[in-house]
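The numbers here are math on the coordinates, done by the rules we state, and not lab data. Keep in mind that what you see is a predicted model, and the values were worked out from it rather than measured. Neighbour counts run over all protein chains shown; Cβ positions are idealised from the backbone, glycine included.
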Amino acid sequence: MELCVFCEVSSAELLRNLRKVAAMSQPTVAILGASADPTKFGNKAVKAHLKMGYTVFPINPKGGTIEGLAALTSLADVPIDRLDRISVYLPPSVTASVLPEIAAFDADEVWFNPGSANDDVVAQARAMGIDPIIACSIVDLGVNPNDA
């Protein structure tokens, strides 16, 4: 295990702490359904939020790298305790399956982007105390999704 010579903590712990500090000075977002495919909105959302100064946590169960960022496999892997927003780019059936995870996380805003939720999913979310914003989070940033 590598230790930082200045603070005597592991390099992994140091990286987690640096991410926490960075997240406190920038708005934060987890993109559920983030994609490495630049034609998908899950990728466009990552790029748009980065462009607007967000600390972005791409979430994809396959992991990998998305726009130069390590993809986390679940929302539970986000290394900070609170997010400014969670933005969902999943099919409604998958969105429904992650609602407990979303409800358990401390986020100021939860965005259900077009195609990510149906009436049943929205009702389930509200019953769990989630007050979803049903709109495009990319457009909310002032970014044209076609330009992201």
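Ordering I66, I134 from the fewest to the most neighbouring beta carbons within 10 Å gives I134, I66.
A simple spin-label model places the labels of M52 and E101 2.3 nm from each other, with each point 7 Å out along Cα-to-Cβ. A simple spin-label model places the labels of S74 and S93 2.0 nm from each other, with each point 7 Å out along Cα-to-Cβ.
Running Debye on segment 27-147 with equal point scatterers at the Cα sites and no solvent, what base-10 log of I(q)/I(0) appears at q = 0.09, 0.14, 0.19 Å⁻¹? Normalising to I(0) and taking log10 leaves -0.20, -0.50, -0.97. Residues F41, F105 in ascending order of nearby Cβ atoms (within 10 Å, fewest first): F105, F41. Counting 0.36 nm for each residue step from I133 to R82 and taking away their Cα separation leaves a gain of 16.6 nm. Note on segment 115-148 and segment 36-70: Cα centroid distance 17 Å, given to the nearest whole angstrom.
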